[in-house]
Amino acid sequence: MSNRNIISFDNLSLQEFDTETDLIPLLTPEDEEEMNNEELPNSLPILPLRNTVLFPGVVIPISAGRDKSIKLINDANAGNKIIGVVAQKNEEDEDPTKNDIYTVGTVARILRVLKMPDGNITVILQGKKRFAIDAVTTEKPYLKATIKEVEEKRPGKHDTEFQAIIDSTRELAIEIIKESPNIPTEATFAIKNIESQSFLVNFVSSNMNLTVKEKQDLLMTNALKERALETLRYMNVELQKLELKNDIQSKVRFDLDQQQREYFLHQQMKTIQEELGGVSNEQEIEEMRMKAKTKTWDDKTAKHFEKEISKMQRMNPQAPDFGIQRNYLELFLELPWNEYSKDNFDLKRAQKIIDRDHFGLEDVKKRIIEHLAVLKLRNDMKSPIICLTGPPGVGKTSIGKSIAESLGREYVRISLGGLRDEAEIRGHRKTYIGAMPGRIIQSLKKAGTSNPVFVLDEIDKLSNSHQGDPSSALLEVLDPEQNSDFYDNFLEMGYDLSKVMFIATSNNMGSIQPALKDRMEVIKMAGYTTEEKVEIARQHLFPKQLKEHGLKTKDLTIGKKQLEKIVEGYTRESGVRSLEQKLAQVIRNAAKSVAMEEAYNTKVTDEDIVKILGAPKLERDKSESNDVAGVVTGLAWTSVGGDILFIESLISAGKGNLTLTGNLGTVMKESATIALEYIKANAEVFGLEPDLIGKYNIHLHVPEGATPKDGPSAGIAMLTSLVSLLTQRKIKKNLAMTGEITLRGKVLPVGGIKEKILAAKRANIKEIILCHENKSDIDEIKAEYIEGLTFHYVKEMSEVIDVALTNQKVKNAKKL
């Protein structure tokens, strides 16, 4: 039995192997000469290694677990014990092929094979010579290849530079052993006793802490001098790392000693403070425990609190974590665990409050009262999530405050616009310095109850970033099946949100994540009619602005006629935000006169409005003259409500080309193409010559080119415009239309009907063409809102033409 040591800088430990074979890692020059004179066979079995590289002369143990590797080793061990060893390019490959291994490796002799209890085998190999794979001859049952020897360029015997490199390598290896606490000092004897220069370089290269690629590059370096120089460079880096590591450890040890010393001093200070009657940390902790006894916690929450306060009791008050732990426990005590305000389910009172604060919005009010009625009948019901969607300024946010007042609940609102950090919803882990709970938990702490009315404002304006996806974090908050155990990262335990009444608001549902949208009940809030705006201004906006500007009712009054003039001449919106700004402008003028003691009209007149606001900027009567062929009024939906747009077309001599302008989207361009193709296919129906269109170029334009436009609802308007242009027939006055078209001649329904109808009425449109399937949308609108409008419901494109066009020709009609 012989006992030999194999140094491994790779894991900074001394590996010892007792074998019956005489393992001699310290190669003598005679052994090296004998090894160099050995001739290599022409063909060898190839053993791929996952995470190491074998160098000539070096003895290493290899653990083999793959079936191919085990068979190769067993076959070779039963034969001449000579194999070829190469490194894999990717250690994850379970079955490497010829393309997955390096082409340069080392011929190795098997010294000993040991069978392990788990079925694997450990084989001890000694490197002989470097070789290059010439060609892989077979891959089953394992790799075999023809090889050729790789000659090594050795420096001359009198090369003093190479000798200096070898001496430096030996010295650096000894320094590394001294600096590393995990390598026994006996390893220095092995380094000192290596006589062969090439073996010293190979031995150190094999055992350094390098990647497989770096070791392979060293193996493939043919010049021994270059390999020795590169090895020396790596050793210098390794020594610097070890020295730096030792310096850091000594500093940390000093800091710990200093911290312990400070701890004992603080303990003495605490005792002195207690003797002098001061407040100690123990007293603060006791006060927290007394406050905890007043909380209505369940057993799980109480156990968690006791565990955390015990942790704080064991902490050094000067430690950074002490402040974080104190903030955590203070939050824990201030949260309204199982504390609920008593609901007032007087639905008549609730109806009065909502009617008092909001004019119109009958559908929304009806749904809110229904919701409160269900809560009254089933007090344990989980609150569904309501999402109010509509243009700005229609009262989405303020309706949440009215609901809170009617129920007697606390009101909480957080704005989600531009929020892009998931931690804003779920909180930070309290291990971080400056950690805070999420805004949901913070708002509940501020509310003081666990069942407030919680308004999530601008939920459609959440954004994503590298800090996470807040909209995905909201899924748990807004899911009635999950939010009974909402997990906040800072709180580190579940909190019951099931009694919270969440009300979300948005302008555009299209930008909300589908999974989040699915968890909410969407209630649409369309814009207001002129009559509604006048009443809102009279009942709410004008008195509010008078109060905010320090005036009283006797100081300034305004009539309905003047309010209507402001609405129609100076605002163009679905909500009332701009209207409120215009009223504020009128009131400021009066406030200035009062403050300067100047004379002014206490009752606002039409002349006062023009003087203060300027000439009317918006003419509501926007319907174009029907003396021009090809100009049609369409209806559009925008994120701020309904609007009207014009489709105009022009014809010129050419080759049948269609030009589209006006910043149109893909869908609108396709609608124009469909309309033109339908006209070509049905030219005779419209009284056109079949080859007429091919003789002219058609230009279709939608004004306000700076505004992007898209959607299918302008389809029938484009068709009417083109037919009017080609037939030179007049279009009915004060007529607008909306609907999608198909190649088969069908008219399809579109959305946003209420908003479009309100826009048409604001523009003094008298007749509107719609798809017959949109009739149900019209039936839902109050009769007084659509008074004076005539609706034409169509199914086919031919019906659109019959309704929209007259048989009269336009003035100076072109001869086509």
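Annotation for the range 577-600: at least one member residue is among the small types (Gly, Ala, Ser), in contact (Cβ under 8 Å) with a residue 60 or more places away in the chain and touching a Gly at 6+ places or on another chain (Cβ under 8 Å).
Taking the range 204-227 as the range and being under 17 Å from residue 151 (Cβ atoms) and out of contact with any strand residue (DSSP E or B) (no Cβ under 9 Å at 6 or more places or on another chain) as the test, the residues that pass are 218, 221, 227. Residue selection: residue 238 satisfies the criterion of being outside the structural domain of residue 106 (by TED's automatic domain parsing), assigned to a helix (DSSP H, G or I), buried (at least 17 other Cβ atoms within 10 Å of the Cβ) and of a type outside the set (Ser, Thr, Tyr). Considering the range 303-338, and only residues there that are exposed (fewer than 15 other Cβ atoms within 10 Å of the Cβ) and among the basic types (Lys, Arg), the residue that is farthest from residue 268 (Cα to Cα) turns out to be 303.
Quick check: anything in the range 136-149 within 26 Å of residue 35 (Cβ to Cβ) and in a loop (DSSP other than H, G, I, E, B)? Yes - at least one qualifying residue is present in the range 136-149.
Scan the range 524-568 for residues that are at pLDDT 85 or above, closer than 25 Å to residue 506 by Cβ and assigned to a strand (DSSP E or B) and the total you get is 0. Of all residues in the range 30-77, those that are among the small types (Gly, Ala, Ser) and assigned to a loop (DSSP other than H, G, I, E, B) total 2. The residues on offer are 210, 200, and the sole one that is among the aliphatic types (A, V, I, L, M), surrounded by 19 or more Cβ atoms within 10 Å (Cβ to Cβ) and not in a helix (DSSP H, G or I) is 210. Give the range 82-108 a look and list any residue that's among the charged types (D, E, K, R) and more than 20 Å from residue 137 (Cβ to Cβ), or say none. Those that are among the charged types (D, E, K, R) and more than 20 Å from residue 137 (Cβ to Cβ): 89, 91, 92, 93, 94.
Going by the conditions given, is residue 307 outside any helix (DSSP H, G or I) and under 18 Å from residue 494 (Cα atoms)?
Numbers: outside any helix (DSSP H, G or I): no; under 18 Å from residue 494 (Cα atoms): yes.
It is false that residue 307 is outside any helix (DSSP H, G or I) and under 18 Å from residue 494 (Cα atoms).
Among the residues of the range 112-143, those that are closer than 18 Å to residue 101 by Cβ and in contact with a Gly (Cβ under 9 Å, 6 or more places away or on another chain) comprise 127, 130, 131, 132, 133, 143. For residue 46, indicate whether it is modelled with pLDDT of 90 or more, in the same structural domain as residue 197 (by TED's automatic domain parsing), over 30 Å from residue 195 (Cβ atoms) and of a type in the set (Val, Ile, Thr). Yes: the conditions hold for residue 46.
Report whether or not residue 178 is out of contact with any helix residue (DSSP H, G or I) (no Cβ under 6 Å at 6 or more places or on another chain) and under 25 Å from residue 46 (Cβ atoms). The answer is no for residue 178. Within the range 78-107, track down each residue that is of a type in the set (Val, Ile, Thr) and not in a strand (DSSP E or B). Those that are of a type in the set (Val, Ile, Thr) and not in a strand (DSSP E or B): 97, 103. In the range 442-455 there is at least one residue that is crowded, with 23+ Cβ neighbours inside 10 Å and either at pLDDT below 80 or among the aromatic types (Phe, Trp, Tyr) (or both). Whether any residue in the range 129-139 is hydrophobic (A, V, I, L, M, F, W, C), closer than 17 Å to residue 107 by Cα and without any contact (Cβ under 8 Å) to a residue 12 or more places away in the chain is what I want to check. Yes, the range 129-139 has at least one match. Out of 127, 156, one residue alone is assigned by TED's automatic domain parsing to the domain that holds residue 40 and not in a strand (DSSP E or B). It is 156. Out of (1) touching a Ser or Thr at 6+ places or on another chain (Cβ under 9 Å); (2) closer than 21 Å to residue 224 by Cα; (3) of a type in the set (S, T, N, Q), what's the single condition that is false for residue 160? Just one mismatch for residue 160, condition (1). Are any of the residues in the range 670-682 in contact (Cβ under 8 Å) with a residue 40 or more places away in the chain, in a strand (DSSP E or B) and buried (at least 17 other Cβ atoms within 10 Å of the Cβ)? The answer is no; no qualifying residue exists. Take residue 425 and decide whether it is over 23 Å from residue 342 (Cα atoms), modelled with pLDDT of 80 or more and surrounded by 20 or more Cβ atoms within 10 Å (Cβ to Cβ). Yes.
Would you mind stating whether residue 356 is surrounded by fewer than 17 Cβ atoms within 10 Å (Cβ to Cβ) and either under 33 Å from the mean Cα position of the chain (by Cα) or not assigned by TED's automatic domain parsing to the domain that holds residue 319 (or both)?
Yes, satisfied.
Under the condition of being assigned to a loop (DSSP other than H, G, I, E, B) and either closer than 14 Å to residue 57 by Cβ or free of Cβ contacts under 8 Å to residues at least 40 places away in the same chain (or both), the residues counted in the range 185-197 number 4.
For the range 398-452, give me the residue count where each residue is among the acidic types (Asp, Glu) and within 30 Å of residue 359 (Cα to Cα).
First, the residues of the range 398-452 that are among the acidic types (Asp, Glu): 405, 410, 421-422, 424.
Now restrict to residues that are within 30 Å of residue 359 (Cα to Cα): 405, 410.
Counting residues in the range 398-452 that are among the acidic types (Asp, Glu) and within 30 Å of residue 359 (Cα to Cα) gives 2.
Look at (1) of a type in the set (Gly, Ala, Ser); (2) in contact with a helix residue (DSSP H, G or I) (Cβ under 6 Å, 6 or more places away or on another chain); (3) modelled with pLDDT under 85 and you find that residue 736 fails only one, number (3). Beta carbons closer than 6 Å, at least 6 apart along the sequence or on distinct chains, pair a first residue in the range 171-184 that is in a helix (DSSP H, G or I) with a second that is at pLDDT below 75 for 177/183; 177/187. Comparison of 755, 773 shows that the only residue that is modelled with pLDDT of 85 or more and either closer than 21 Å to residue 668 by Cα or not in a loop (DSSP other than H, G, I, E, B) (or both) is 773. Checking the range 555-569 against the condition returns no match, with no residue being free of Cβ contacts under 8 Å to residues at least 12 places away in the same chain and either over 46 Å from the mean Cα position of the chain (by Cα) or farther than 18 Å from residue 601 by Cα (or both). Residues that are β-branched (Val, Ile, Thr) and crowded, with 24+ Cβ neighbours inside 10 Å: does the range 709-719 have at least one? Yes, there is a match, as at least one residue in the range 709-719 is β-branched (Val, Ile, Thr) and crowded, with 24+ Cβ neighbours inside 10 Å. Of the residues making up the range 413-431, those that are over 24 Å from residue 329 (Cα atoms), assigned to a loop (DSSP other than H, G, I, E, B) and of a type in the set (D, E, K, R) are 420, 421.
The values are calculated or read from the model by the stated rules, or taken from the named source; none is laboratory data. This is a predicted model, so every value here is computed, not measured. Using ideal geometry, Cβ is built from the backbone for each residue, glycine included, and neighbour counts are taken over all protein chains shown.
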